[in-house]
Amino acid sequence: MPRPSRTATTAAIATLALLGGVAIGGSGAVSASPPAEPKVQNTFDSLGPDVHAAKLPSGRTAHYTDSGPADGTPVLYIGGTGTSARAVHMTDFFRTTRQDLGLRMISVERNGFGDTDYDPALGKADFAADALDVLDRLGVKDFKVVAISGGGPYAAELAASAPGRVSALHLAAALPPYGTKPAYCGLSDDALAAAVKDQIKDPRTWWAFPDDSPVKSIPGFADTAYEDGARTYNQRGQQADPAPQVHEQKLYCERPGPDLSKLSASVHLYGGDKDTTVPPATLKTWRAQLPSGATVKTRTYADSGHDVQYRHWDQILVDLAGRADRTVVCRGGHTRALPAVEADRLVAKKRATLGSCAWND
């Protein structure tokens, strides 16, 4: 029997390749290996935290989220004004870090926002009572607090109400209920409603960060913020009623703020040098209200405005985990949480930048 030519052999190999590895037997029958079994996951991927409802001893119904391990370090997350209990989802761009650090984030919704009914008779002390009732329901005794922007006055109220239960207080660009009142405090409710109604009707306006804000580099951040804005003002069919927003902003005008003299927790302050909403000077306002022996850690950032809480959320997470002795930096394409002295030296020599390497992409 003559040997096949090199050309014929090459053609056969090419045909076999085109058939995807199908082999032709001596009888001419085609035999093929079945494709590998597709892999399908056993569990669902999270779409963000569920909002739970709880009937409280006061008779009120609180709405809250609870994200993270049940045995993790409990952290009460208090979002800025105009946010729902699901606003904590806006920090999920570092969810892996949060999970690795074993942090459990709990957020309680405020009066009139999202799922929560509006009662014009309620104030900041009522929120503090509701939050403590929710934490009791979850079996949480001691906890840390992180407050953002308009969450500051509520964090102060909570710390004053239960100073022995708050193990650390983290205030990120947080409005203090002390010092000079905001400029709008002289407006009537109707005038303030007219000033904010168009903003709250359009979450894209409410959450309009400057074009140069680093949050613009977070995939999906803007749309997640818009979704929370829509939830905050429309979830119960309230059609962007400005009354709850006006009520909250008037609560920010109340002076004096609560007495923090019994607070024994460590306090962490974060500010952006470019912040015009809660200016850097407010950090001194906070410090003036803290006990003289309080342990206070202040972090200020030249690269941030009123987005410091997001731009440096990686550092806040490390601080919440009890590692404020470490500074998060990007060095050589790798994110590290280095001893503070070493990190400062590297940043000063421009051999590292502050925060996760994700910010450099």
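The values are calculated or read from the model by the stated rules, or taken from the named source; none is laboratory data. The model shown is predicted, which means the values in this text are computed figures rather than measured ones. Positions of Cβ are backbone-derived with ideal geometry, glycine not excepted, and every protein chain shown enters the neighbour counts. Keep in mind that these areas ignore ligands, DNA and RNA; they rest on the heavy atoms of the full protein, side chains included. Shrake-Rupley method; radii C 1.70, N 1.55, O 1.52, S 1.80 Å.
The table that follows gives values for the structure above.
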{"item": "Count of residues meeting criterion [under 16 Å from Thr298 (Cβ atoms) and small (Gly, Ala, Ser)] in region 129-154", "result": "2"}
{"item": "Failed condition for Leu47, given (1) open to solvent by 50 Å² or more (accessible area, probe 1.4 Å); (2) more than 19 Å from Arg236 (Cβ to Cβ); (3) in contact with a Ser or Thr (Cβ under 9 Å, 6 or more places away or on another chain)", "result": "(3)"}
{"item": "Matching residues in region 264-274 - criterion: being surrounded by 20 or more Cβ atoms within 10 Å (Cβ to Cβ) and over 12 Å from Leu171 (Cβ atoms)", "result": "Gly272"}
{"item": "Top-ranked residue in region 81-101 [being of a type in the set (S, T, N, Q) and not in a loop (DSSP other than H, G, I, E, B); ranked as surrounded by the most Cβ atoms within 10 Å (Cβ to Cβ)]", "result": "Thr91"}
{"item": "Residues that are hydroxyl-bearing (Ser, Thr, Tyr), at pLDDT 95 or above and more than 30 Å from His306 (Cβ to Cβ), drawn from region 28-81", "result": "Thr43, Ser58, Thr61"}
{"item": "Filter pass, Ala348 being modelled with pLDDT under 95, more than 15 Å from Val146 (Cβ to Cβ) and of a type in the set (A, V, I, L, M, F, W, C)", "result": "no"}
{"item": "Test result for Arg60, over 14 Å from Leu317 (Cα atoms), in contact (Cβ under 8 Å) with a residue 12 or more places away in the chain and open to solvent by 10 Å² or more (accessible area, probe 1.4 Å)", "result": "yes"}
{"item": "Which numbered condition Pro69 misses (of (1) within 17 Å of Gly48 (Cα to Cα); (2) over 13 Å from the mean Cα position of the chain (by Cα); (3) part of a strand (DSSP E or B))", "result": "(3)"}
{"item": "Test set (1) open to solvent by 50 Å² or more (accessible area, probe 1.4 Å); (2) part of a loop (DSSP other than H, G, I, E, B) - Cys253 fails condition number", "result": "(1)"}
{"item": "Residues that are touching a Leu at 6+ places or on another chain (Cβ under 7 Å), at negative phi and open to solvent by less than 30 Å² (accessible area, probe 1.4 Å), drawn from region 136-162", "result": "Phe143, Val145, Val146, Ala147, Gly150, Gly152, Pro153, Ala155, Ala156, Ala159, Ala162"}
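This table checks each residue for (1) open to solvent by 10 Å² or more (accessible area, probe 1.4 Å); (2) in contact with a Lys or Arg (Cβ under 8 Å, 6 or more places away or on another chain).
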site	(1), (2)
Leu103	no, no
Ile106	no, no
Asp115	yes, yes
Tyr118	yes, no
Gly123	yes, no
